[in-house]
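Quick note: the coordinates plus some simple rules give every number you see, no bench work behind them. This structure is a prediction, so every number in the text was calculated from the model and none was measured. Neighbour counts run over all protein chains shown; Cβ positions are idealised from the backbone, glycine included.
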Amino acid sequence: DSFEEIILFVHGFNVKFDEAIFRAAQIKFDVKFPGAVIVYTWPAGAEEGFFNQLLIQGTYKNNLQNATNSIKGFKNFLRKVETTKKKIHLIVHSMGHQVVLPGLAEITKEISEPFLYEVIFNAPDFDSNEFAMIAPQISRSSKRITVYCSPGDNALAASSKVNAGKR
């Protein structure tokens, strides 16, 4: 393999497979990333049609359950990516944090040093109290961690309301 680095992208809420692939490709193009880009995708989409789009709370709960069910698969996938011995940059968006954060917390119980080069948490749809509890483990997973969020993020505000807790 001629590349030394990998971006591993995990999409968020209500994102279909082809859209997740497009977003990852856009990241590679925008940052002119010279390495490989890998997408970990999990079942996160709504049914087509106007009526189904009105049922967004049901879609949210369904996506959340699918995210929870994907934690083990993500953990196994990340362990396989780690065996490449490439420099791994993990980018997570929105509800993808429901997949990634618990998986990372479990993996870090088994490691003694960081195995990721950089982690970017973008608009994390994850309970802030739960995050505070696992943050010490998460911080051991990577040499560098960045969190991007906006106080004006309407999706996170909606998630806070649906989940009755700060995101």
Once fully extended, how much extra length lies between residue 29 and residue 109, figured as 0.36 nm per residue of separation less the alpha-carbon to alpha-carbon distance? 25.3 nm
Using a Förster distance of 30 Å, how high is the FRET efficiency between residue 134 and residue 85, based on the Cβ-Cβ distance and rounded to 0.05? 0.70
Expressed as a fraction of 2.2 N^0.38 Å, the rule-of-thumb size for a compact globular protein of N residues, what is the C-alpha radius of gyration of the stretch 62-125? 1.10
If you place +1 on the Cβ of every Lys and Arg, -1 on the Cβ of every Asp and Glu, and leave all else neutral, what size is the dipole of the stretch 89-147 about its Cα centre, to the nearest 20 Debye? 200 debye
Potential extension, residue 69-residue 22 segment - 0.36 nm per residue separation minus Cα distance: 14.5 nm
